[in-house]
Amino acid sequence: MKVKHRAILFPHVPFPKLPWKGFLAGCFLLFFFLGILAANWVGQEKLLQYGMLNQYYVGQLAYAQLESGAYFLFLCKRRMRIFGMTMLFVYTRFGIFVLPGVIGWHAFSLGYLFVNALVCMKFQGMLLVLLSMFPQIIFYAAAYFGLGRILFGEKTELSMPVGIHRYWKNPRLFLLVSALLCMIFGIWLEGYVNPVLLRKYISRIM
């Protein structure tokens, strides 16, 4: 007589869904911490010798003549190349890897730069790094936040402000155009406003 073996059924435990905002914030914090670890692994001596925030080179920025128009075009090429690639990928299945990867790379660079600034210029260097991100970081974050809503957001979340839905029938297109405008305005701030703030701060501390 054959004995039938019954499969052991484990109770189904539903896992809570991680909100996409928390997921992207977690990626940012993780790679920021990895950037700090990488800078500490490089070591203080190499950071002082080859670091980007050497006091001599930073001091030269206060007297450097910057062509704002050419600098703006340079930033457009660099920033829009990465943003445009990310913007295309959010409409594909690969966007779930590309968007966190781009955010993670920026976070990693920021963590590495913070340690570099702390080693080379102490507290003043950290303030310099923070100032180098403002005010454009607000609009850059808004632009990538818009891409995150396109990629992860549900249809119920893609609601537009009152009155705009009369002209924009596609909420995702509205988010895409808004993200693009935020990115362009952020580049303009980085090219024209941020150098003035940095020059004033560097001339004050040097």
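The values are calculated or read from the model by the stated rules, or taken from the named source; none is laboratory data. None of the values given here were measured: they were computed from a predicted structure. When we count neighbours, we look across all protein chains shown, and the Cβ atoms used for this are built from the backbone with ideal geometry, even at glycine. Each accessible area value is taken on the protein alone, full model and side chains, heavy atoms only, with ligands, DNA and RNA left out. Shrake-Rupley method; radii C 1.70, N 1.55, O 1.52, S 1.80 Å.
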Selection from segment 104-129 of residues open to solvent by 70 Å² or more (accessible area, probe 1.4 Å), without any contact (Cβ under 8 Å) to a residue 60 or more places away in the chain and either hydrophobic (A, V, I, L, M, F, W, C) or not in a helix (DSSP H, G or I) (or both) yields LEU118, PHE123
Residue match in segment 89-96 (condition: surrounded by 20 or more Cβ atoms within 10 Å (Cβ to Cβ), over 30 Å from VAL58 (Cα atoms), β-branched (Val, Ile, Thr) and in contact (Cβ under 8 Å) with a residue 60 or more places away in the chain): yes
Only one of GLY101, GLY59 is in contact (Cβ under 8 Å) with a residue 24 or more places away in the chain and surrounded by 12 or more Cβ atoms within 10 Å (Cβ to Cβ). Can you tell me which? GLY59
Kindly list the number of the only condition in (1) assigned to a helix (DSSP H, G or I); (2) at pLDDT below 95 that fails for CYS182. (2)
